[in-house]
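S.K.: I have a structure I would like to understand better, so I am pasting it below and will then ask my questions one at a time.
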Amino acid sequence: MRSVQIYRWQVPMDAGVVLRERRLKTRDGLFVHLQQGDRQGWGEISPLPGFSRESLEEAEASLRAWCLAWRDGADPQLPGLPAVDFGISCALAELGGMLPQKADYRAAPLCTGDPDELFAVLAAMPGEKVAKIKVGLYEAVRDGMVANLLLEAIPDLRLRLDANRAWTPLKAQQFAKYVNPAYRDRIAFLEEPCKTRADSLAFARETGIAIAWDESLREDDFAFVAEPGVSAVVIKPTLTGSLEKVRQQVSAAQAAGLTAVISSSIESSLGLTQLARIAAWLTPDTVPGLDTLNLMQAQLIRSWPDSTLPQLDVEALEPLL
């Protein structure tokens, strides 16, 4: 006997969250809860505004159709919308006991706020010190100075930077100019510094700063190949698709000698805990990029270890089926 429920949820965001020049006031999404006999599985479907190709309304319609068919005994194909495919595949994997419980709750902290507090957090990090900075939101010169300051202050720190294709080649060079050449090899990677892949590759070649692909993974002509200056790929499952597709991308990246990093698309705490399990399973030697929960004002269903945010349970969700 199968049963299924879809829930809609909404969580207020911190006031300062801006995505592609849009202020994100709330994070909105869906959960799917599958039950078969005494087994159950949860999945999150939360398209990211400005990044996902499907809207929440489109995701809900395709999820509803899939769920009704599954409940009635069919084994329907995944709908083909990345966020929906990912959420359904996670729920099916939990239902079938295929998603390992072990989780990697390490997170490269997102560097925001008071610099003194940030220094204290980074200095106290056990083991490998990895942090992330969003660049490209302000002047490139300022970004270069901030990165240089952190690398100078914490000698064993490695930085991940994310520009979201914000820079022209000139602005990218302005950034690099303010990063001491002696520190550049401690930039683990800079995600997509320029608007085109060719310009990003040229930047890596000219500056010695390694780059990573992120948006490029979702373009039809992208191939996982080793290229000079490219050290990593950043895989965001909500934007990628099914768990199987995520596995294929991780395998292809590793076969090309690239580091694969599992990264958040600002999922809820339920989705983030699943991403932590996927990271422990598929990329056990790499710190995942999951430090986004503090952008929200509440947790949902499952809690992230040591988070002080209030947790809301099923009663706080809006049932749709």
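The values are calculated or read from the model by the stated rules, or taken from the named source; none is laboratory data. All values derive from a computational prediction rather than experimental measurement. Reconstructed Cβ throughout: ideal geometry from the backbone, glycine too, with neighbour counts over all protein chains shown. When the accessible area is computed, the model is the full protein with side chains, heavy atoms only, and any ligands, DNA or RNA have been set aside. Shrake-Rupley method; radii C 1.70, N 1.55, O 1.52, S 1.80 Å.
S.K.: For the stretch 110-295, how many pairs of lysine residues have a Cα-Cα distance under 25 Å, where the two are 8 or more positions apart or belong to different chains?
M.R.: Lysine pairs, 8 or more places apart or on different chains, close enough: 14.
S.K.: Let me ask something additional. Projecting each Cα onto the charge dipole of the chain (Lys/Arg +1, Asp/Glu -1 at the beta carbon, about the Cα centre), which of 262, 97, 68 comes out farthest on the positive side?
M.R.: My answer, from the dipole projection, is 262.
S.K.: Using DSSP loop states and a limit of at most 15 other Cβ atoms within 10 Å to flag GluC sites (Glu not before Pro), what is the longest stretch of the chain containing no flagged site?
M.R.: My reading of the result: 22-127 is the longest stretch.
S.K.: Hey, what's the Cα Rg ratio for the stretch 110-295 versus the globular rule of thumb, 2.2 N^0.38 Å?
M.R.: 0.99
S.K.: Work out, step by step, the length gained on full extension between residue 251 and residue 102: first 0.36 nm times the residue separation, then minus their alpha carbon distance; give nm to one decimal.
M.R.: Numbers: separation 149, 0.36 × 149 = 53.64 nm, distance 1.97 nm.
Stretched out fully, the residue 251 to residue 102 stretch lengthens by 51.7 nm.
S.K.: Considering only DSSP beta bridges whose two residues both sit in the chain, what percent are antiparallel, to the nearest 5?
M.R.: 50
S.K.: Let me ask something else. Report the trypsin sites (Lys or Arg not before Pro) located in the stretch 1-85 that are in a DSSP loop and have at most 13 other Cβ atoms inside 10 Å of their Cβ, or state none. Provide the component values of the computation, followed by the final result.
M.R.: Working: sites: 2, 8, 20, 22, 23, 25, 27, 39, 53, 64, 71; in loops: 20, 25, 53.
Here the sparse-neighbourhood loop sites are 20, 25, 53.
S.K.: Further, regarding this structure: Please turn the phi angles of the stretch 226-234 into ³J(HN,Hα) values with the Karplus equation 6.51 cos²θ - 1.76 cosθ + 1.60 (θ = phi - 60°), one per residue in order, whole Hz, x for glycine and proline.
M.R.: 6, 9, x, x, 9, 10, 7, 10, 10
S.K.: For helix 56-71, what angle does its Cα long axis make with the longest principal axis of the chain, in degrees from 0 to 90 and rounded to 10?
M.R.: 40
S.K.: Shifting gears a bit: What distance in nm separates the simple spin-label points at residue 75 and residue 220, each placed 7 Å from Cα in the Cβ direction?
M.R.: 3.1
S.K.: Run the simple label-point estimate for residue 35 and residue 315 please: 7 Å along Cα→C-beta, distance reported in nm.
M.R.: Result: 1.8 nm between the two label points.
S.K.: Any idea what the dipole of the stretch 110-295 comes to, in debye rounded to 20, about its Cα centre with Lys/Arg Cβ at +1 and Asp/Glu Cβ at -1?
M.R.: Values: 19 positive and 24 negative charges, 30 e Å.
Rounded to the nearest 20 debye, it is 140 debye.
S.K.: If you count only protein heavy atoms with a 1.4 Å probe, what accessible area per residue comes out for the chain, rounded to a whole Å²?
M.R.: 45
S.K.: Shifting gears a bit: On a 0 to 90 degree scale, rounded to 10, what angle separates helix 82-95 from the longest Cα axis of the chain?
M.R.: 60
S.K.: Continuing with the same structure: If you roll a 1.4 angstrom probe over the protein chains with everything in place, what fraction of the accessible area of the chain belongs to carbon and sulfur, to the nearest %?
M.R.: Carbon and sulfur: 52 percent of the exposed surface of the chain.
S.K.: On a 0 to 90° scale, report how tilted helix 269-282 is relative to the longest principal axis of the chain, with both axes built from alpha carbons and the result rounded to the nearest 10.
M.R.: The helix 269-282 is inclined about 70 degrees to the chain.
S.K.: Looking at the chain, I'd like the Rg to Rh ratio, where Rg is from alpha-carbon atoms and Rh is Kirkwood's inverse mean 1/r.
M.R.: On the way: Rg = 19.9 Å, Rh = 20.4 Å.
Ratio of gyration radius to Kirkwood radius: 0.97.
S.K.: Quick check for me: using +1 on Lys/Arg Cβ and -1 on Asp/Glu Cβ, what's the dipole size of the chain about its Cα centre, in debye to the nearest 20?
M.R.: Values: 33 positive and 42 negative charges, 62 e Å.
My answer is approximately 300 debye.
S.K.: I need the trypsin sites (Lys or Arg not before Pro) found in the stretch 228-321, filtered to DSSP loop residues with at most 16 other beta carbons within 10 Å of theirs.
M.R.: 302
S.K.: Would you give the gap between the C-alpha center of the stretch 234-309 and the C-alpha center of the stretch 133-166, rounded to a whole Å?
M.R.: With the stretch 234-309 and the stretch 133-166 each reduced to a Cα centre, they are spaced 22 Å.
S.K.: Now for a different question. In percent, how large is the relative contact order of the chain, given Cα pairs closer than 8 Å and 6 or more residues apart?
M.R.: The normalised contact order for the chain reaches 19 percent.
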